[in-house]
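Encoded as structure tokens, the structure appears first; notes follow it.
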Amino acid sequence: MEDTIESILVEAARTKQRKESVERAVGRAVRRMGKDYSVYIAAMSELRELASSTKTTVDEALEKLQEREQE
């Protein structure tokens, strides 16, 4: 499940449009991968936890995930 959540968040970061909310981008990535609402909740919880631990916003946490994937 962890790999699924990480891949969803990376996909959301990659495809997020400029003025789109993180929640909407993650929801779209979840639907594209054929997953259900429980996976969306898990992904958002993971992202919020990451943001809290790094003392950043969810937008910044998602950007950091994308940067980490590109390395």
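Which ones in the stretch 35-53 are among the hydroxyl-bearing types (Ser, Thr, Tyr) and either within 17 Å of THR4 (Cβ to Cβ) or not in a helix (DSSP H, G or I) (or both)?
We begin by selecting, within the stretch 35-53, every residue among the hydroxyl-bearing types (Ser, Thr, Tyr); these are 37-38, 40, 45, 52-53.
Scanning the stretch 35-53 gives TYR37, SER38, TYR40, SER45.
What about VAL26, is it among the β-branched types (Val, Ile, Thr) and touching a Phe, Trp or Tyr at 6+ places or on another chain (Cβ under 8 Å)?
Numbers: among the β-branched types (Val, Ile, Thr): yes; touching a Phe, Trp or Tyr at 6+ places or on another chain (Cβ under 8 Å): yes.
Here the answer is yes, as VAL26 does meet what is asked.
Please go through (1) touching a Gly at 6+ places or on another chain (Cβ under 8 Å); (2) open to solvent by less than 30 Å² (accessible area, probe 1.4 Å) for ALA29 and return the number of the only condition it doesn't satisfy.
The number of the failed condition is (1).
To keep it simple, each residue is scored yes or no on (1) open to solvent by 30 Å² or more (accessible area, probe 1.4 Å); (2) more than 8 Å from the chain's Cα centre (by Cα); (3) in contact (Cβ under 8 Å) with a residue 12 or more places away in the chain.
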{"site": "ALA13", "(1), (2), (3)": "no, no, yes"}
{"site": "LYS16", "(1), (2), (3)": "yes, yes, yes"}
{"site": "SER21", "(1), (2), (3)": "yes, yes, no"}
{"site": "SER38", "(1), (2), (3)": "yes, yes, no"}
{"site": "THR54", "(1), (2), (3)": "yes, yes, no"}
{"site": "ASP59", "(1), (2), (3)": "yes, yes, yes"}
{"site": "GLU69", "(1), (2), (3)": "yes, yes, yes"}
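State whether the residues of the stretch 54-66 include one that is within 12 Å of ILE5 (Cα to Cα) and small (Gly, Ala, Ser).
No, the stretch 54-66 contains no residue that is within 12 Å of ILE5 (Cα to Cα) and small (Gly, Ala, Ser).
So in the stretch 1-11, with the set limited to residues that are in a helix (DSSP H, G or I) and hydrophobic (A, V, I, L, M, F, W, C), which one is surrounded by the most Cβ atoms within 10 Å (Cβ to Cβ)?
Filtering the stretch 1-11 for residues in a helix (DSSP H, G or I) gives 2-11.
Subsequent filtering for residues that are hydrophobic (A, V, I, L, M, F, W, C) retains 5, 8-10.
On the way: ILE5: 20, ILE8: 26, LEU9: 24, VAL10: 17.
In this case the residue turns out to be ILE8.
The values are calculated or read from the model by the stated rules, or taken from the named source; none is laboratory data. All figures in this text were calculated on a predicted structure; none of them were measured in a lab. Glycine also receives a Cβ, built like all others from the backbone with ideal geometry; neighbour counts cover every protein chain displayed. Keep in mind that these areas ignore ligands, DNA and RNA; they rest on the heavy atoms of the full protein, side chains included. Shrake-Rupley method; radii C 1.70, N 1.55, O 1.52, S 1.80 Å.
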